[in-house]
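The values are calculated or read from the model by the stated rules, or taken from the named source; none is laboratory data. Not measured: the values here are computed from a predicted model. Here Cβ is always computed from backbone atoms with ideal geometry, including for glycine, and neighbour counts include all displayed protein chains.
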Amino acid sequence: MTFHIYTKTGDKGQTGLFGGGRVRKDDPRVEAYGAVDELNAALGIAEAEIGDEAIKGWIKKIQDELFVVGAELSTPDPDAVKRQVVPVGPDQVSWMESTIDTIDAEVPPLRQFVLPGGHRGAAHLHLARTICRRAERRVLTFSDHAEVRTEVITYLNRLSDLLFMLARLVNHRSGIAEPVWNPPLRKG
């Protein structure tokens, strides 16, 4: 099978959906899976900056799962995706929670608000976390227009927590102090 990079079919502001049909490129469905795609790209940048092979493996696992989420969001027939790949669900959420707990046991206790930054990979993971939150919002908006499995929303919510903890872990394993919030306090 050969794919063509340009088809010219989107030149008038529409795009084809997985499984058929066309919608405007600003359709809530496209906004939802586009935000998930942007998150996946941000994770690719983060992964490229990180030397820790275990963390790189976790990011790759997440990227694979995000492709499944994107495929599910990009079709009016989610069953078509389920016939081909395993959709995200409780197993993936449990893995994320277990991984968060493992990281939490390794990094210093959180005593202050953490600012995005430190190691370049950690900073990129923080950026990915904020994109994940936006993807979650776009999926919620889309859920007002079409059915979205609650497992997808739960997955994205837990993923943003995991990305925060992965950023903390990258800084910790790199020996870089996490930047913390030092708010200007009022005098008097």
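Worth a mention:
- Here the condition is being of a type outside the set (A, V, I, L, M, F, W, C) and under 15 Å from the mean Cα position of the chain (by Cα); of Arg120, Arg111, Arg149, Arg137, it holds for Arg137 alone.
- Scanning region 80-94 for residues that are assigned to a helix (DSSP H, G or I) and under 17 Å from Thr150 (Cβ atoms) yields Val81, Lys82, Pro90, Asp91, Gln92, Val93, Ser94.
Listed here are the residues, each with its yes/no results for (1) touching a residue at least 24 places away in the same chain (Cβ under 8 Å); (2) touching a helix residue (DSSP H, G or I) at 6+ places or on another chain (Cβ under 8 Å); (3) surrounded by fewer than 14 Cβ atoms within 10 Å (Cβ to Cβ).
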residue	(1), (2), (3)
Arg111	no, no, yes
His124	yes, yes, no
His145	yes, yes, yes
Glu151	yes, yes, no
Thr154	yes, yes, no
Ser160	yes, yes, no
Leu166	yes, yes, no
Ser174	yes, yes, no
Lys187	no, no, yes
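- Taken over region 100-109, the criterion of being touching a helix residue (DSSP H, G or I) at 6+ places or on another chain (Cβ under 8 Å) and either surrounded by fewer than 13 Cβ atoms within 10 Å (Cβ to Cβ) or closer than 21 Å to Asn182 by Cα (or both) is satisfied by Glu106, Val107, Pro108.
- Restricting region 1-46 to residues that are outside any loop (DSSP other than H, G, I, E, B) and among the basic types (Lys, Arg), the residue that is modelled with the lowest pLDDT: Arg24
- Options Glu72, Glu47, Glu97: the member that is of a type in the set (Asp, Glu) and surrounded by fewer than 20 Cβ atoms within 10 Å (Cβ to Cβ): Glu97
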